[in-house]
Structures are given as C-alpha cells and as structure tokens.
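Please read the structure below before turning to the comments.
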Ligand SMILES: C[S@@+](CC[C@H](N)C(=O)[O-])C[C@H]1O[C@@H](n2cnc3c(N)ncnc32)[C@H](O)[C@@H]1O
C-alpha cells in the first residue's frame, strides 16, 4: 500500500474544501500566465484542487496513491489521472502550468529527489510555463513537533495526529483515525506520513537550474523565511 491509501477516504472530510488555495493558484495563473490552457498537478490526491480550477483548463494529475486517485476520479472526471511518482515520470507532453501544493513536495524525503522533481517539472513545461508550489518550512515542522497531538472530530469520526520532528530534518506525522461504527464501536486506521524540511535558500538554489522565481510569499504576503508557517513559490521555466 502507498502512503495515504488508508487515509484516502477520510482525507476530504478532514481537510475540507481548499477554496483559499484554489483562489491563490488561479490568481497567480491570471497574473503570470493568463494564456494558460493546461495544468498538471503533482501529488493531486483526491483531486480537490483540480476540480476547483474549473473547466477552463485541460487538467492532468499524478499521484502515487491508488486510493486517492479513485476519489479524484469521482471528484474530477474530466481530468487525466495517472498513477505515478513525481520524482520520475514521463507523460509525453508539455503543460503551461505545473502545481505541487499542500506540502506535497515535503513528502519526498530525499533532497536529491527534489532536484529530480524540479528537473521533471521543467521537462514537462513549455518555455515560460509556471511552476507553483508550496512547502512546510523547517520552522513550521519544528513548531508542529513541539505541539501536543491534534484531535479533530469530523463526520462522526475522530482523528488524532502527532508530528514527531526528533529526527530533524525528517518529520514523522503519526495519524490515527477512529472510524465510528453504527454499534458505537470504533475501527482504528493508522498511517505514518514522512515530510522532509529543507532550508528555503537550498530550495531557491536548486530551482535556479531551470527556473527564475517570479513570486514568493508566506501566509501573510511577505517573503518567506525558514520561520514562516508556509512558503509559496511561483517559478517560471527559462529557455534551455
Ligand atoms: C498532502 S496530500 C496533497 C493532495 C493535494 N495536492 C491537495 O492539495 O489536496 C499529498 C499527496 O501527494 C502524494 N504523493 C506523495 N509523494 C508522492 C510521490 N513521490 N509521487 C506522487 N505522489 C506523491 C500523496 O499520495 C498525496 O495524495
């Protein structure tokens, strides 16, 4: 089983609708690539973002988890959905925009493979195409590691999540879902998700091989630092 396979059917109930992230992506496309027709999402998960981008684009998503893709097929039937690894894929076409959001890149736990993702994205973008991605920063992962477990009730079930960052820069997200049964019993589902923290200057440096940064922001609109809650980057593919 791939990561997220057992969590897939609870994912949207826990995360809700990503309306803010969708509007932010659409605003960046509008500002920096208004002529865009095609969008590729790396780590598209349940397809919530693709579905929200609307019918104005040809949509493609790639994800490792078959169970997440099954949800995505229902949510976004118009999208081409591919089971594959964002560190090594070849879709045989180029896109105007590639996105990789909700800390999906952090899920790649070896920084050498982040460089492989950047190279793959560059190979799948038209010249001048955009790569929009976000990250959990090292500071955010430290804060999460210091926090008490997060308990969240949703759809009659309960999620408990505890982030362990003792092995910095690798964080371990221990997720348990207690699924409520009709007879008042619960079935427990457990999953551990790994996320890598990387200093933002290393990320900017790795990007510079194929991209120029056109925008970068934290959650407050300022330039992101390693202490920001989240870092959002918009990079443009340069000519080869
Ligand atoms: C936090 S979820 C984000 C899903 C979606 N982008 C969203 O915003 O709701 C991360 C997704 O990335 C996928 N993923 C993680 N590592 C991957 C890899 N190496 N290749 C493809 N998909 C990957 C997981 O299966 C999961 O669906």
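The values are calculated or read from the model by the stated rules, or taken from the named source; none is laboratory data. Note that the structure is a prediction, hence the values are computed from the model and not measured. For neighbour counting, all protein chains shown are included, and Cβ atoms are generated from backbone atoms with ideal geometry for every residue, glycine included.
Numerical summary
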{"read-out": "Test: residue in the stretch 146-156 that is loosely packed, with under 13 Cβ neighbours inside 10 Å, within 30 Å of residue 31 (Cβ to Cβ), touching a residue at least 12 places away in the same chain (Cβ under 8 Å) and in contact with a strand residue (DSSP E or B) (Cβ under 9 Å, 6 or more places away or on another chain)", "value": "no"}
{"read-out": "Count of the stretch 76-94 residues which are assigned to a loop (DSSP other than H, G, I, E, B) and closer than 13 Å to residue 124 by Cα", "value": "8"}
{"read-out": "Search result, residues across the stretch 212-233 that are farther than 23 Å from residue 163 by Cα and touching a helix residue (DSSP H, G or I) at 6+ places or on another chain (Cβ under 7 Å)", "value": "213, 214, 215"}
{"read-out": "Any chance residue 236 is at pLDDT below 95 and either over 16 Å from the mean Cα position of the chain (by Cα) or assigned to a loop (DSSP other than H, G, I, E, B) (or both)", "value": "no"}
{"read-out": "Residue that is nearest to residue 122 (Cα to Cα), among those in the stretch 40-54 that are assigned to a helix (DSSP H, G or I) and within 6 Å of the ligand (Cβ to nearest atom)", "value": "49"}
{"read-out": "Considering residues of the stretch 4-21 that are surrounded by 15 or more Cβ atoms within 10 Å (Cβ to Cβ) and assigned to a loop (DSSP other than H, G, I, E, B) only, the residue farthest from the ligand (Cβ to nearest atom)", "value": "6"}
